[in-house]
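The structure appears below as structure tokens.
Only the coordinates and a few stated rules stand behind these numbers; no lab work does. Bear in mind that the values here come from a model prediction, so they are computed numbers and not experimental data. Reconstructed Cβ throughout: ideal geometry from the backbone, glycine too, with neighbour counts over all protein chains shown.
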Amino acid sequence: MNENTTPSDRGRKTVIVLLAAALVAAAVWIAIMLVQQAGGPGPEGPGTTAAPQTTALPSSPAASVPTPSPTASASDLPGTPTLPAAEAATVVWPDPGGTLRYGTPEDAAEGLAEDFAGFTDPVYGEFMQGDARSGELEVRPVADGAVTTVLLRQLSDGQWYAIGATSSEIQLDAPAAGEMVSAPVALSGSSRAFEATVNVEVRAHGTAEPLGTGIVMGGSGPDLGPFSGRIQWENPGTGTGVLLLFELSAKDGSVWTAAAVPVGFAPQP
């Protein structure tokens, strides 16, 4: 027996089909939305995930490391306080009013011998300690040459100074260390030198050129002979300086030995 489908049955089937299609479409739409929320297709194409975008922070400049300034030499100290006048008056070398200073007695002795007295390649002995702040050091032009003894003292600024020099060949009796001198300056003592000649210079602290020069004549034989004389010089009438006596080598004219005392400059009449 043949069963014929009625119009009402066909209508119901159509509705069912449409509902099913709607459900499928809804399911597909929901799936698409879920994929997008989970990080769906990225800008590089299907199946790729968009890379997270980051904001670049400005890089901080490297910390500035200051370049250290050159360290001043230990023997050249700008801004060094001036010594008290009483101490400055006892100094032969270096200039008590300048900035050159020595941290050891050996350096001070070398400075006096080479930079002040003019020795060339001298031979130095060992520093011989006196008290806690003073001593002496021998200097020779050659190993068996005449002896120049540099007198050294550490003053109130903690630095070392040459406060005088004595010689085995030149003995100065007057002026005495620290004495006020005027022009001309009268010298006396004893010496033993090539052709009996002892050179004399009056120097002011802090100046390269002597204020006056001259010679005195002592002994030339095996024994010391007396000398006396007057040296003319330009007296500034104030300040301090040094009276330097030295003998030159008969061989090459270099400094052979030296003696030095600090002096003050008497006011002009």
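Between beta-carbons, use under 9 Å as the cut-off and find the net charge around Ser191, counting Lys and Arg +1, Asp and Glu -1. Mind dumping the intermediate values first?
On the way: positive: Arg192; negative: Glu169, Glu247.
Summing Lys/Arg as +1 and Asp/Glu as -1 gives -1.
Using 0.36 nm per residue of separation minus the Cα-Cα distance, give me the extension gain between Glu114 and Glu234 in nm, one decimal.
Working: separation 120, 0.36 × 120 = 43.20 nm, distance 2.52 nm.
Full extension of this stretch gives 40.7 nm more.
Residues of segment 226-269 with backbone nitrogen within less than 17 Å of a virtual label 7 Å along the Cα-to-Cβ line of Glu195, please, listed as ranges.
Once the point is set 7 Å along Cα→Cβ of Glu195, 246-257 turn out to lie under 17 Å by backbone N, inside segment 226-269.
Name the long-range amide H neighbours of Tyr102: under 5 Å, sequence gap of 5 or more, or other chain; modelled H, no Pro or chain starts.
Amide H neighbours of Tyr102, under 5 Å, 5+ apart: Trp160.
Eigenvalues of the Cα gyration tensor times 5, then square-rooted: what semi-axes does that give for segment 85-265, in whole angstrom, largest first? Walk me through the intermediate numbers first.
Values: eigenvalues 112, 88, 36 Å².
Its equivalent ellipsoid spans semi-axes of 24, 21, 13 Å.
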